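Everything on this sheet refers to the single structure shown next.
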Amino acid sequence: SAVAAAVASAVAAAHDEQASNCISESATRQFQFLADAADKASPSVVNLKVDVQQRGAVIGGFGGTRGAATGSGFIISEDGLIVTNAHVVAHSAQMGGRFGQGAVTVTMWDGTKLPASVHSMDQQSDVALVKLTKMPAKPLPVASIGSSALLRPGEWVVALGSPLHLMNTVTAGIVSSVARQGSEIGMTDKRHEFIQTDAAINGGNSGGPLINLDGEVIGINTAKLAGQQVSGISFAIPMDTAWQVIKQLRTNRTVVRPYLGIKFSTALPTRRGDSSEVRVVGVSPGSPAEGAGVKIGDTILQFDNKPVSSNRDILERIGYSYGRTITIRLRRESGEVMDLNVETTAPPRNVRVD
């Protein structure tokens, strides 16, 4: 009958609408991979407020201007160690000349505020550790640490932190470059390479984590390029590099640079079309380099299995921890090419390695 047909049509339409809603909800859940990554990592992310006091006219004291610096960080241990950038805490007040005595206020992702102090820092790598001086009642959420070694341009990443005092901010983008050299972005004093991303990183994001889609920290948000015509160019310290520093800071509160005992110099090309080369101009007696067979006059073709054309190529790849074996491909003055394995050590007491 007509009534039966109408009822059947209404039931079918309701079924189709329900199926459509289920598909829509399923698709929504399916494509929330950025939110899922942020949910996993966010509880370990903190905001840092650091007391800043400049030395004034009071002899032996601090009679200058007081203020506060802010940044971000993330918890790496259940006993309250927090990773951030050294430039976030570098100007913390040092009462009586004692390092780390300036007050640091840590605000957790849930709004809980806890006192802390600067544990240690390494300005050359721009990595620092902050330690909670009072623990919360419940266990601390600890960040999951990933590896930056396998990152590829085009991968999704998420930046977490407190830009411009805006707590719990999440931004997302892709990896634009996995190996941007410091010399390319005006950071000539930095040995290591940077991850470049178009995820928005602003003042206050410094020290916060850059995470992958598994919610693992693969970088430390550090800087952005500024300018009216600049957009979407930000940088993070690769986590594999930062972790070398963090391990030493946790144990020794300082960083001992690796020592090879080689002096080298970039030789500019003498003929059009040739590229610059790096030549060994000195080998310290008793050094790891001498023990491995490196000689004055050798040309360094590869360092740590990567081609070399300038001093910076070597400085950026030597890393921040010693005890690692590095393969160096050399060309002797005779033209013979060979690979030598050199194990880095701590420098002798009378040698400073920057």
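Within segment 119-143, how many residues turn out to be of a type outside the set (A, V, I, L, M), touching a residue at least 12 places away in the same chain (Cβ under 8 Å) and surrounded by fewer than 17 Cβ atoms within 10 Å (Cβ to Cβ)?
So in segment 119-143, the residues of a type outside the set (A, V, I, L, M) come out as 119-120, 122-126, 131, 133-134, 136, 138-139, 141.
Checking the rest, the ones that are also touching a residue at least 12 places away in the same chain (Cβ under 8 Å) come to 119-120, 122-126, 131, 133-134, 136, 139, 141.
Applying the additional criterion that residues be surrounded by fewer than 17 Cβ atoms within 10 Å (Cβ to Cβ) yields 123-124, 133-134, 136, 139.
Summing the residues that are of a type outside the set (A, V, I, L, M), touching a residue at least 12 places away in the same chain (Cβ under 8 Å) and surrounded by fewer than 17 Cβ atoms within 10 Å (Cβ to Cβ) in segment 119-143 gives 6.
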Can you find, within segment 207-234, the residue that is most open to solvent (accessible area, probe 1.4 Å) among those that are under 18 Å from residue 84 (Cα atoms) and at pLDDT below 95? 224
When segment 313-338 is checked residue by residue, the ones that are open to solvent by 50 Å² or more (accessible area, probe 1.4 Å) and more than 15 Å from residue 260 (Cβ to Cβ) are 331, 333, 334, 336, 337
Subset of segment 281-312 [of a type in the set (Lys, Arg) and without any contact (Cβ under 8 Å) to a residue 24 or more places away in the chain]: 306
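Check segment 256-269 and report whether any residue there is touching a His at 6+ places or on another chain (Cβ under 9 Å), open to solvent by 30 Å² or more (accessible area, probe 1.4 Å) and either part of a strand (DSSP E or B) or not acidic (Asp, Glu) (or both). Full working, then the answer.
Going residue by residue through segment 256-269, those that are touching a His at 6+ places or on another chain (Cβ under 9 Å) are none.
No, segment 256-269 contains no residue that is touching a His at 6+ places or on another chain (Cβ under 9 Å), open to solvent by 30 Å² or more (accessible area, probe 1.4 Å) and either part of a strand (DSSP E or B) or not acidic (Asp, Glu) (or both).
The values are calculated or read from the model by the stated rules, or taken from the named source; none is laboratory data. This structure is a prediction, so every number in the text was calculated from the model and none was measured. No Cβ is skipped: glycine too gets one built from the backbone with ideal geometry, and neighbour counts run over all protein chains shown. With ligands, DNA and RNA removed, areas are computed over all heavy atoms of the protein, side chains included. Shrake-Rupley method; radii C 1.70, N 1.55, O 1.52, S 1.80 Å.
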